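Worksheet: the structure to be examined is printed underneath.
The values are calculated or read from the model by the stated rules, or taken from the named source; none is laboratory data. All values derive from a computational prediction rather than experimental measurement. Neighbour counts are summed over all protein chains in view; Cβ atoms, including those assigned to glycine, are modelled from backbone coordinates with ideal geometry. Heads up: the accessible areas ignore ligands, DNA and RNA and are worked out on the full protein's heavy atoms, side chains in. Shrake-Rupley method; radii C 1.70, N 1.55, O 1.52, S 1.80 Å.
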Amino acid sequence: MALKRMDNIGIVVEDLEETVDFFRELGLELEGRTTIDGEWAGRVTGLGDQHVEIAMMRTPDGHGRLELSRFLAPPVVADHRAAPVNALGYLRVMFAVDDVDETLARLRKRGAQLVGEVVQYRDAYRLCYIRGPEGLLIGLAQEL
């Protein structure tokens, strides 16, 4: 049996409302929200008894999803948000956008900060990294 697709990327946050609003501004749609708890959930994650608020965000093409999670129990144990771009492990999410400058201007109104600068890679892309809500690292790519 072959791999079908990547279903979603999970991001743990402290402020679910602010993060949902930020990704809506970027262009994702809120697919749904729920609370997950119970013994079955703890068996999947290995955390035992857990209580988590989830918001599922969907890209406009319907193929990509972000699962934003706010853990109420157990408490968060590590914080990787301030890690530099050469840190080991999962790092960032990259989004294809129509216009990097316009997207950056909209997201700056929601607190986004440019990490380095907007650069052009050959005649193919304009790219940048931003820090979004809670310091999340997000990439923006405009195909030329």
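Just checking, how many residues over segment 66-80 are out of contact with any strand residue (DSSP E or B) (no Cβ under 8 Å at 6 or more places or on another chain) and either touching a residue at least 12 places away in the same chain (Cβ under 8 Å) or of a type outside the set (D, E, K, R) (or both)?
First, the residues of segment 66-80 that are out of contact with any strand residue (DSSP E or B) (no Cβ under 8 Å at 6 or more places or on another chain): 74-75, 77-80.
From the residues that got through so far, the ones that are either touching a residue at least 12 places away in the same chain (Cβ under 8 Å) or of a type outside the set (D, E, K, R) (or both) too are 74-75, 77-78, 80.
Adding up the residues that qualify gives 5.
Do we find a residue being of a type in the set (Val, Ile, Thr), assigned to a strand (DSSP E or B) and touching a helix residue (DSSP H, G or I) at 6+ places or on another chain (Cβ under 9 Å) anywhere in segment 132-144? Explain how you work it out, then say what you get.
The first filter runs over segment 132-144 and keeps only residues of a type in the set (Val, Ile, Thr), leaving 138.
In the following step, the residues that additionally are assigned to a strand (DSSP E or B) were identified as 138.
Okay, now just the ones that are also touching a helix residue (DSSP H, G or I) at 6+ places or on another chain (Cβ under 9 Å), so 138.
Scanning segment 132-144 turns up at least one residue that is of a type in the set (Val, Ile, Thr), assigned to a strand (DSSP E or B) and touching a helix residue (DSSP H, G or I) at 6+ places or on another chain (Cβ under 9 Å).
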Failed item in (1) within 21 Å of Asp15 (Cα to Cα); (2) in a loop (DSSP other than H, G, I, E, B); (3) free of Cβ contacts under 8 Å to residues at least 24 places away in the same chain, with Leu91 passing the rest: (3)
Residue satisfying all of: in segment 106-131; β-branched (Val, Ile, Thr) and part of a loop (DSSP other than H, G, I, E, B); farthest from Leu66 (Cα to Cα) among these: Val118
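Quick check on this structure: which one of His51, His63 is of a type outside the set (A, V, I, L, M, F, W, C) and under 19 Å from the mean Cα position of the chain (by Cα)? Outline the logic, then answer.
Values: His51 fails: under 19 Å from the mean Cα position of the chain (by Cα).
Within the list His51, His63, the selection yields His63.
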Selection from segment 19-49 of residues that are free of Cβ contacts under 8 Å to residues at least 40 places away in the same chain, of a type in the set (A, V, I, L, M, F, W, C) and open to solvent by less than 30 Å² (accessible area, probe 1.4 Å): Leu28, Ala41
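Checking the conditions here, which among Arg92, Arg122, Arg110 is under 22 Å from Arg58 (Cα atoms) and open to solvent by 100 Å² or more (accessible area, probe 1.4 Å)? Walk me through it before giving the result.
Working: Arg92 fails: open to solvent by 100 Å² or more (accessible area, probe 1.4 Å); Arg122 fails: under 22 Å from Arg58 (Cα atoms).
Checking each option against the conditions leaves just Arg110.
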Strands (runs of 3 or more DSSP E) fully within segment 5-73 counting 1 or more residues that are closer than 14 Å to Val93 by Cα: 9-12, 51-58, 65-73
